[in-house]
Each structure stands twice: as structure tokens, then as C-alpha cells.
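So the structure is just underneath, and the comments pick up after that.
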Amino acid sequence: MDDFRKLVEIMARLRAEGGCEWDRAQTHATLRQYLLEEAHEVADAITRKDPELLCEELGDLLLQILFHAQIAKENEEFDISGVIASISEKMVRRHPHVFSDASADTPEAVSLQWDHIKKNIENRIHSSLIGGVPKSFPSLLRATKLTKKAARAGFDWENTEQVLAKVDEEMAELKEAISRRNPEAMEHELGDILFALVNLARFLKVNPEVAMGAANDRFERRFQAMEKIAAESGGSIEESDLSTLDRFWEMAKKVTR
């Protein structure tokens, strides 16, 4: 705890008179972008499976939390002790199967119990059954959260085959929009396909954000391998025709597996 107290004191010193002018000028609103950036960098470190980097990035994220807590303390709203007390109470309250005599033997049962506690004990009631999902979430994550809430309310398909049929239906509608060369319709139908694919991912128990991130990484590795293959052939990507690029792509897929 000494290290934690030291970090709290460092943050307070940076915000105090005679501290850092940049830190002193920040508000909750101006720090929002940095909080999001640090959270993404933590996620990236997890994907990279790099413990040393993860330790560093978690520290950066913790600093953002302390930054917001210090600003709130200066505004006489709350401080870091209040943040810690609040989350400690919440974790005990939401885990009665651990800290009390309730029973929840599976992850699914824990999730249902969690929702029950939020709604009936904490009175976190929204005007809609799918309310409470932040609009600032990445689109794939927000779609996943919305569809999970809708499914818990009983609005869902019965099996994967039905979801696949929906994907096919949306694809046919996109093709129709493309044939009509209607930009608004194409955007609309493409969004519907992505939303249907998020539902498919949910049925397959695949995280679409993770799957998309992995696909991005694969493309990046393969394209960079293509560039290397092209250079070794005495040329470049920009100078190659499409048939040559296709051949480079297949070669890149083999060397990056």
C-alpha cells in the first residue's frame, strides 16, 4: 500500500500549485480520450501476451483513474478512497455465492444473479430492457451487449442455423441495394449484415471484437510478408499487377501460418 499512497501523493503534487501546468489544466472531459487510449493499450498488451508490457500499461490505466479521483477530490465530490470503498462494497454485494449463502454454480448462473442484484437490489432500472449500454462502446462490443440483453428478455433465435439464415437474408438485401446503386441502402444493409454476424458470434461463443482484431493482425502480417516477397523478387507491391499480387498473397499465407 505504500507504493499506492506514493502514487496518490504524486498525482496530488502534479495537480497542486507549482505542479505540472498540463496536469493542472485537465478536466474529466479532456482526460476522456486518454482513458480510452490507455484501456486499448492494456487490451493490446493482453493480446500480445506480454506480461512486462501489460504491467506497464495497467500502471498507465491506474494513473488515469487516480487522475479522475484527484479532480473529483478537488471539486469536493469524492476521492480515491471513496472509489475503492464503492467497488469493494459492490463486489461483496454482487457475489453472495462467495461472501454469503447464495448458490451460483455456473458462469451462467452467476451472470443471472448479477443482473438480478443490479435490478432488484441496486435499483438499476432502465426505461428499456436493453438500456444501459454506453453509446461510446466500440460498435461490435455495443452490438454484442445489446443482443445479449435482448436474448435474456426472450428475443432471440432458437439455434445457429436460424442465425445463419438471417445472415444470408441480409446478404441478399445488400446485393439488391448494390444492384440499385443506392448508397444509403448499401450502408443500411451492410450494417444489418454486421449486426447479424455479431449475433452469429454470440451463438458460436466467439467474441467478435477479438475475432476482428485477430483478422486485422493476420492481414497485417500477410501484407507485410507480401511486401517482403515482392522486394525479394526485385519489384514492389505498387508495381505488381493483380495476378502477381494474388500469387504473392498465397505465398504470404503459407509463410505466415
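The values are calculated or read from the model by the stated rules, or taken from the named source; none is laboratory data. Everything numeric here is computed off the predicted structure, so don't read it as measured data. Heads up, the Cβs are rebuilt from the backbone with ideal geometry, glycines too, and the neighbour counts pull from every protein chain shown.
Here SER103 clears all of (1) of a type in the set (Ser, Thr, Tyr); (2) loosely packed, with under 11 Cβ neighbours inside 10 Å; (3) assigned by TED's automatic domain parsing to the domain that holds LEU7 except the condition numbered (3). Against the conditions (1) under 30 Å from THR244 (Cβ atoms); (2) within 23 Å of the chain's Cα centre (by Cα); (3) at pLDDT 95 or above, PHE223 satisfies every one except (2).
Checking each residue in region 7-26 for being of a type outside the set (D, E, K, R) and either closer than 18 Å to ASP60 by Cβ or not in a loop (DSSP other than H, G, I, E, B) (or both) picks out LEU7, VAL8, ILE10, MET11, ALA12, LEU14, CYS20, TRP22, ALA25, GLN26. Restricting region 27-61 to residues that are in a helix (DSSP H, G or I) and of a type in the set (S, T, N, Q) leaves a set whose member that is farthest from ALA16 (Cα to Cα) is THR47. Which of the residues spanning region 1-25 are in contact with a helix residue (DSSP H, G or I) (Cβ under 7 Å, 6 or more places away or on another chain) and either modelled with pLDDT under 95 or not β-branched (Val, Ile, Thr) (or both)? LEU7, MET11, ALA12, LEU14, ARG15, GLY19, CYS20, ASP23, ARG24, listed by residue number. The residues in region 212-257 that are polar (S, T, N, Q), outside any helix (DSSP H, G or I) and surrounded by 14 or more Cβ atoms within 10 Å (Cβ to Cβ) can be counted, and the count is 2.
Go through region 51-79 residue by residue and tally those that are on the phi < 0 side of the Ramachandran plot and over 25 Å from the mean Cα position of the chain (by Cα).
Let us first name the residues in region 51-79 that are on the phi < 0 side of the Ramachandran plot, namely 51-75, 77-79.
Right, trim to over 25 Å from the mean Cα position of the chain (by Cα) and you get 70-75, 77-79.
So the count comes out to 9.
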